[in-house]
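Note sheet for the following structure.
The values are calculated or read from the model by the stated rules, or taken from the named source; none is laboratory data. Everything quoted here is computed from the prediction, not taken from an experiment. Don't worry about glycine lacking a Cβ; one is built from the backbone with ideal geometry, like all the others, and counts go over all protein chains shown. These area figures cover heavy atoms from the full protein model, side chains too; ligands, DNA and RNA do not enter into them. Shrake-Rupley method; radii C 1.70, N 1.55, O 1.52, S 1.80 Å.
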Amino acid sequence: MNILITGGAGFIGSNLVLHWVKQHPEDTVINFDCLTYAGNLINLKEIENAPNYHFVKGDLRNPQDIASAFQKHEVEGVVHLAAESHVDRSIAGPSAFIQTNIMGTFNLLEVARDFWKEDLAAHRFHHVSTDEVYGSLGETGMFSETTPYAPNSPYSASKASSDHLVRAYHHTYGFNTTTSNCSNNYGPLHFPEKLIPLVIKNAIERKPIPVYGDGSNVRDWLYVKDHCSAIDVIYHQGVSGETYNVGGLNEWKNIDIVRTICRHLDDVLQRSGDDSCLNLITFVKDRPGHDQRYAIDASKIQNDLNWNPQYTFEQGLHETVDWYLDNQEWVRLVTSGEYQAYYAEQYGR
Ligand code: NAD
Ligand code: TYD
């Protein structure tokens, strides 16, 4: 099968492309990505010459880019991850979120509808989404697949909208869709603007670690490789038209996770006393509209598709911290204009 993975140069996308190229050598993976600040081909160095992997620089905001990729690579299935993904950026500037997450998903669905019109049901379209579409929880309860949508940020509103479009294409046109709504991911190749990689980066560099508000907000963390295995299972075994929540029953208050990372880095880097990473923690002004708590009930994917996370949080977090310690050059490159300029020149239009 020729599978188009959108957003394959981003955090989850590159972990998924690496997973798919190795686990499914019978498939050809076409990575469709426009390489925003969050998309980095350096993530995929180890498979860039694999016979079953192709990169296409294309923008979901441009239907012609999508149609060319479908035509050239005879796309038979889609796993859609490309998105603007950072809540803080969506607060500062929502426009790109509307253009890519809503219009981009619409463009992708329309091109697929045209190319697959002879037999829409024969082509799987898997849409990767977030638990943030369900809004915010109080101290108790969990999100299930039947929780009403109540997105609170421009990011989550744009993802909710894309979920609804995918749902509508299933019901109206008979698209063979599945959607996954996953909790917060962490792991290697995570752009250092989100909480966990930012804490690790700043701690290593002895910079202030910003904690929003009082640090009591709760997130439910899943190792990215477990998310990839869930997407794989849903793509291959999920029932058309269904949505699946993905999570690992791993809730943490932000301040507790930040302190855990600091203590682990203190051990590894042999820092203590005044030099402890804990001293870098700095409480800063809260994010506007900050969702208090997310928690995922993943019993549907566990019961129906027999998926379970394979990593404990301790394993995943230690692997992640080790990865950032071993890959400080990656952090330097992806946060530098020099690197972005190099790829703009290589793949620029
Ligand atoms: P990311 O920001 O790291 O990567 C996004 C990728 O999409 C980048 O490679 C970027 O270049 C590409 N992209 C952006 N706009 C594009 C466009 N117009 N055309 C083509 N490519 C474009 O994001 P991520 O954290 O890997 O998230 C991937 C998906 O998973 C998103 O849909 C996100 O909503 C969803 N998700 C993320 C998390 C999480 O914790 N990160 C949790 C649940 C769901
Ligand atoms: P983030 O990684 O941005 O993911 P999301 O907002 O999609 O859940 O943030 C995770 C949590 O950490 C969230 O409650 C906001 C908080 N946070 C901080 O306290 N400091 C930071 O510098 C960042 C980026 C996030």
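Numbers below:
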quantity	calculated
Helix runs (DSSP H) in the chain reaching 30 Å along axis by Cα, Kyte-Doolittle at least 1.0	none
Overall form of region 218-290 per C-alpha gyration tensor (a/c, 1.5; a/b vs b/c)	oblate
Size descriptor, Kirkwood hydrodynamic radius, that averages inverse alpha-carbon separations across region 250-289, Å	11.3 Å
Contour minus Cα-Cα distance for T172 and L333 (0.36 nm per residue)	53.5 nm
Shape call, region 9-83: gyration tensor on alpha carbons, a/c limit 1.5	oblate
Calculated SAXS-style log₁₀ I(q)/I(0) at q = 0.18 Å⁻¹ - region 153-285, Debye, Cα scatterers	-1.03
Shape category assigned to region 228-349 from the gyration tensor of Cα positions, a/c cut at 1.5	oblate
Residues of region 220-349: accessible area per residue with a 1.4 Å probe, Å²	51 Å²
Beta bridges per DSSP with both ends in the chain, % antiparallel, nearest 5	5 percent
Sequence of K285, K117, K207 when ordered by accessible area, the most exposed leading, probe 1.4 angstrom	K285, K117, K207
Relative contact order for the chain, counting Cα pairs under 8 Å that sit 6 or more residues apart, in percent	17 percent
In region 1-145, lysine pairs closer than 19 Å at Cα, eight or more apart or cross-chain	4
Percent accessible area from carbon and sulfur atoms, region 44-203, protein chains only, probe 1.4 Å	51 percent
Solvent exposure of region 46-104 as accessible area per residue, Å², 1.4 Å probe	46 Å²
Principal axis dimensions, largest first and in whole angstrom, of the chain by Cα	68, 47, 37
Highest average packing first - 140-149, 256-265, 126-135, Cβ atoms within 10 Å	126-135, 256-265, 140-149
Percent carbon-and-sulfur accessible area, region 213-294, ignoring ligands, DNA and RNA, probe 1.4 Å	48 percent
Region 167-215 - accessible surface per residue (Å², probe 1.4 Å)	34 Å²
Lone cysteines, the chain (no partner Cβ under 4.7 Å)	C34, C182, C228
Dimensionless Rg over Rh [region 84-165; C-alpha; Kirkwood]	1.05
Over region 49-116: Rg over Rh, Cα atoms, Kirkwood Rh	1.03
